[in-house]
1. Name every residue in the range 113-122 that is aliphatic (A, V, I, L, M), within 13 Å of the chain's Cα centre (by Cα) and over 21 Å from residue 3 (Cβ atoms), in order of residue number.
2. Which of the following residues is among the small types (Gly, Ala, Ser), over 15 Å from residue 41 (Cα atoms) and either over 19 Å from the mean Cα position of the chain (by Cα) or modelled with pLDDT of 95 or more (or both): 106, 87, 73?
3. Out of 151, 90, 140, report the one residue that is more than 17 Å from residue 38 (Cα to Cα) and out of contact with any His (no Cβ under 9 Å at 6 or more places or on another chain).
4. Please go through (1) surrounded by 17 or more Cβ atoms within 10 Å (Cβ to Cβ); (2) under 26 Å from residue 160 (Cα atoms) for residue 22 and return the number of the only condition it doesn't satisfy.
5. Could you list, in sequence order, the residues of the range 25-67 that are among the aromatic types (Phe, Trp, Tyr), within 17 Å of the chain's Cα centre (by Cα) and either more than 17 Å from residue 104 (Cα to Cα) or assigned to a helix (DSSP H, G or I) (or both)?
6. Picking from 125, 160, 155, which residue would you name as being surrounded by 10 or more Cβ atoms within 10 Å (Cβ to Cβ), more than 17 Å from residue 65 (Cα to Cα) and within 18 Å of the chain's Cα centre (by Cα)?
Amino acid sequence: MRCFLAFELPNELKEKLNGLKSNFNFKGIKLVETENLHITVKFLGDIDDKTLEKVINSDLSINKVFSEIKGIGTFPNSEYVKVIWVGSTNLQKTMSNIDNKLFNLGFKKEKTYEPHITIGRVKYLENDLKENLREIINKNSYVDFGKIEINSISLMKSILTPNGPKYEVIKKW
């Protein structure tokens, strides 16, 4: 089963993010569906039932934390854009704690933690649109959606379909 851990987002924030996403309605960019917006804590990949049970039975509860949702960026860099994201602050320590707990279950440790909300994936972009994309990213680089409270983490199942992924909550701590 394909799984990941995530911080779910309040609907109010998802709606605000939709406004930003509309700027990136380019041919070749796949925008993330509103219901799929989240902050990924850790991608677990395809895990078997035994590993899934270990994760479910683990204590992955977190302390309440406030995170500012602000700034826009790209992966891997601004010259070669594959992912467009909005930043999320103050989550590295929480993500590191979760990563340590999962390491004890046999998962690899992350090298870095870059908390973010993916809003779009660039499949391809015609040359004349690349500069437009850069301008929109620069124009919105300081966008600020305010603070959110994060007090739970969710184990999500990812079901790949021809119309894009569908996410299902398996467990929430």
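1. Listed by number, the list holds a single entry, 119.
2. After ruling out the rest, the residue left standing is 106.
3. 140
4. All conditions are met except number (1).
5. 66 - this is the single residue of the range 25-67 that is among the aromatic types (Phe, Trp, Tyr), within 17 Å of the chain's Cα centre (by Cα) and either more than 17 Å from residue 104 (Cα to Cα) or assigned to a helix (DSSP H, G or I) (or both).
6. 155
A quick yes/no check of all residues on (1) hydrophobic (A, V, I, L, M, F, W, C); (2) within 18 Å of the chain's Cα centre (by Cα); (3) more than 20 Å from residue 5 (Cα to Cα):
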{"residue": "80", "(1), (2), (3)": "no, no, yes"}
{"residue": "94", "(1), (2), (3)": "no, yes, no"}
{"residue": "111", "(1), (2), (3)": "no, yes, no"}
{"residue": "129", "(1), (2), (3)": "yes, no, yes"}
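The values are calculated or read from the model by the stated rules, or taken from the named source; none is laboratory data. Keep in mind that this is a model prediction, so the values were computed, not measured. Cβ: placed from backbone, ideal geometry, glycine included. Neighbour counts: every protein chain shown.
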